[in-house]
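Nothing in this text is a laboratory measurement; each read-out follows from the coordinates by a stated rule. What you are looking at is a predicted structure, and each value in this text was computed from that prediction instead of being measured. Every residue, glycine as well, gets a Cβ built from its backbone with ideal geometry; the counts of neighbours run over all protein chains shown.
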Amino acid sequence: ECFYAVFEEEIHQVILENQLFKPGERIAIGASGGKDSTVLAYVLSELNRRHNYGLDLFLLSVDEGITGYRDDSLETVKRNELQYGLPLKIVSYKDLYGWTMDEIVKMIGLKNNCTFCGVFRRQALDRGAALLKVDKVATGHNADDIAETVLLNILRGDIASFNSEFINIRFSLLLMLGCQNLNKFSTYAYFKKLDYFSTECIYSPNAYRGFAREFIKDLERIRPRAILDIIKSGEDFRISTTTKMPEQGTCERCGYISSQKWCKACVLLEGLNRGLPKLGIGRNQGLNSDGKKDRKRDSRTPSIESKQCGSLEF
């Protein structure tokens, strides 16, 4: 009981000190059915009632179309809807893009499938939030997730994403500041007997993020503060004023945020619809580079997987 009280009070204090919410705001909670998002949904709903935040809370889920994984986890989210009394909105890849992840994997294979899923899921969350007309989206990212993102951006040498990631994740970090690692989430969820889904995605065994996760865990065994140190390094990262950064605009095709003529999702979709699924993979994004096809890739060019688990040419 003491742990529950401290866990919840830490989050409440972070919300107050950083003025994360205003009375009357509509907040969407990204709900996958997993441990982290379930804890987030439960705690936010409890604190909203206990401290009278005056928030309208919603559950927002993305159905990627992965048989034997997402269909099962969405059943958990549907139970959470009833358990916590929060309205649920589900947006699907099939409705938004005309493709399910099962269909994409059949075409692209297992090597670059996470690139599609990562790009589509982020946009799907934004589109779901627009449908709900919410003011903010809260996601169940914990310190481990954020440290992995910092490391992945360093490995990719992606300065633009590195800078913007902290704009995107700062809200999540502040909200879960007291929950410094996965152990607190796990302990809280387990002893509270929360209803959550714990199976990993069937398409993610070789995801590059997984290798970063293992590396960080090795560092943590040597230095327990390694995760927080990595996050601090990311927050202190500064970009030279002489570095040319991409200018944010909108996609000419769908109107979504993009620094290119077409957003990444539209480029990937164009490749799928034309039977050229690798069209949007890598830095040479075909339609954004020459308006036609990708330039031929140099077979000697090494590549690594991106934060969405796909490949990026170097």
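Coordinate range of the alpha-carbon atoms in the range 1-152 per principal axis, descending: 50, 33, 26 Å. For the range 15-71, chymotrypsin sites (Phe, Trp or Tyr not before Pro) meeting the loop criterion (DSSP other than H, G, I, E, B) and having at most 15 other Cβ atoms within 10 Å: none. Extension gain, D158 to R225: 0.36 nm times the residue separation minus the Cα-Cα distance gives 21.6 nm. Answer rounded, prolate or oblate for the range 199-268, using the Cα gyration tensor with square roots of eigenvalues a ≥ b ≥ c: rounded when a/c is under 1.5, else prolate when a/b is larger than b/c, else oblate. Oblate shape, in that a/c is at least 1.5 and b/c is the bigger or equal ratio.
Among the GluC sites (Glu not before Pro) in the range 184-224, those placed in a DSSP loop whose Cβ has at most 16 other Cβ atoms within 10 Å are E200.
How would you order 3-14, 245-256 from highest to lowest mean count of nearby Cβ atoms within 10 Å?
Numbers: 3-14: 15.1, 245-256: 12.5.
Going from most to least packed, we get 3-14, 245-256.
Full extension of the chain between Y256 and S198 yields a length gain of 17.7 nm, computed as 0.36 nm times the residue separation minus the alpha carbon distance. For the cross-link pairs K35/K193; K192/K217; K35/K78; K35/K136, which exceed 19 Å when the distance is taken from alpha carbon to alpha carbon? The pairs that break the limit, which is 19 Å between Cα atoms, are K192/K217; K35/K136.
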